[in-house]
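Undergrad: Sharing a structure, written as structure tokens. Questions coming.
Read-outs: derived from the displayed coordinates by stated rules, not from any lab. None of these values were measured; they are calculated from a predicted model. As a convention, Cβ positions derive from the backbone with ideal geometry for all residues, glycine included, and neighbour counts pool all protein chains shown.
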Amino acid sequence: MKKEQRKRIIDKHRDSLTRHGHHPNALYWSSREIQEIRFRVLAEIGIKSGDSVLDVGCGFGDFKSWFEADGKTLGFTGVDISPDLIGEAERLHPDATLLCGELSDFDFEPAAFDWVILSGAMNEQLFDDGAYARRQIALMYDLCRKGTAFNMLDARHLKAHDLQRTDPHRMLEFCNTLCVDCQLHDDYLKNDFTIYMPR
Ligand SMILES: C[S@@+](CC[C@H](N)C(=O)[O-])C[C@H]1O[C@@H](n2cnc3c(N)ncnc32)[C@H](O)[C@@H]1O
């Protein structure tokens, strides 16, 4: 990602954190319910208590809180480009590993995590026809032992030009070049789709 794109994302979240504090609105989710619907669909790839998860663009680490709410546990590693959100995540989750940066900034071993997930962290318009997202997905898949699941904004329904919108079938075609059994889910929110890439 270009330096100025990275700065724009960091500044945007610094401002939203000042305005909203620890709330889904600070992450540009319209509500907690909408955030958690995405979490549920990601978790349904098969994440179980005791598994290790790398969450790319983890924000406050809310996926961990949501998953563990009924007594389950996760070995949780989160990376996020925003130092402000990672700071809050560290305060909320002293038992997690939280790292500030893009995924490509870190040197994780291949297959270091059971699952690699991403929710909402490929929604920024980068004007690159999805090249950054495709590189990121390939990197995520390389780091998982059990599977990767991610969501994106659906270009068939969402018209906002200031956000990165993706054709789900085009993305599925790309994912199928990395993984034989990819699955597309587009029946849970109008503007969103999720792809599962199991091992
Ligand atoms: C819509 S928020 C979602 C946060 C979290 N996944 C959740 O659902 O609660 C998107 C997050 O991705 C982060 N982000 C955006 N682009 C990123 C990138 N290329 N690498 C790492 N984090 C990124 C933002 O800082 C922000 O915290």
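Undergrad: Within region 1-22, can you find the residues that are assigned to a loop (DSSP other than H, G, I, E, B) and either within 10 Å of the ligand (Cβ to nearest atom) or among the small types (Gly, Ala, Ser) (or both)? Walk me through it before giving the result.
TA: So the first thing to find is which residues in region 1-22 are assigned to a loop (DSSP other than H, G, I, E, B), and the list is 1-2, 21-22.
Within region 1-22, Met1, Gly21 meet the criteria.
Undergrad: Which residue pairs have Cβ atoms under 6 Å apart, sit 6 or more places apart or on different chains, and have a first residue in region 136-155 that is in contact (Cβ under 8 Å) with a residue 60 or more places away in the chain and outside any strand (DSSP E or B) and a second that is crowded, with 18+ Cβ neighbours inside 10 Å and of a type in the set (Phe, Trp, Tyr)?
TA: Matching pairs, first to second residue: Leu143/Phe113.
Undergrad: Right, here's the next one. Could you grab me the full set of residues in region 93-111 that are in a helix (DSSP H, G or I) and either in contact with an Asp or Glu (Cβ under 7 Å, 6 or more places away or on another chain) or exposed (fewer than 15 other Cβ atoms within 10 Å of the Cβ) (or both)?
TA: Here is the first cut: in region 93-111, the ones in a helix (DSSP H, G or I) are 103-105.
Matches in region 93-111: Ser104, Asp105.
Undergrad: Do the conditions hold for Phe127, that is, is it among the aromatic types (Phe, Trp, Tyr) and without any contact (Cβ under 8 Å) to a residue 24 or more places away in the chain? Steps first, answer last, please.
TA: Values: among the aromatic types (Phe, Trp, Tyr): yes; without any contact (Cβ under 8 Å) to a residue 24 or more places away in the chain: yes.
Taking the combined requirement at face value, the residue satisfies it.
Undergrad: Could you count how many residues in region 23-45 are within 10 Å of the ligand (Cβ to nearest atom), hydrophobic (A, V, I, L, M, F, W, C) and in a helix (DSSP H, G or I)?
TA: Residues flagged as within 10 Å of the ligand (Cβ to nearest atom), hydrophobic (A, V, I, L, M, F, W, C) and in a helix (DSSP H, G or I) within region 23-45 amount to 5.
Undergrad: In region 46-92, what residues are assigned to a strand (DSSP E or B) and farther than 15 Å from Leu118 by Cα?
TA: Gly75
Undergrad: Considering only region 112-129, how many residues are more than 19 Å from Phe67 (Cα to Cα), surrounded by 14 or more Cβ atoms within 10 Å (Cβ to Cβ) and away from the ligand (no atom under 13 Å from the Cβ)?
TA: So the count comes out to 1.
Undergrad: Give region 112-135 a look and list any residue that's within 15 Å of the chain's Cα centre (by Cα) and either part of a helix (DSSP H, G or I) or of a type in the set (Asp, Glu) (or both), or say none.
TA: Glu124, Tyr132, Ala133, Arg134, Arg135
Undergrad: Checking Asp55 against (1) out of contact with any Gly (no Cβ under 6 Å at 6 or more places or on another chain); (2) within 19 Å of Ala149 (Cβ to Cβ); (3) within 12 Å of the ligand (Cβ to nearest atom), which test does it fail?
TA: Just one mismatch for Asp55, condition (1).
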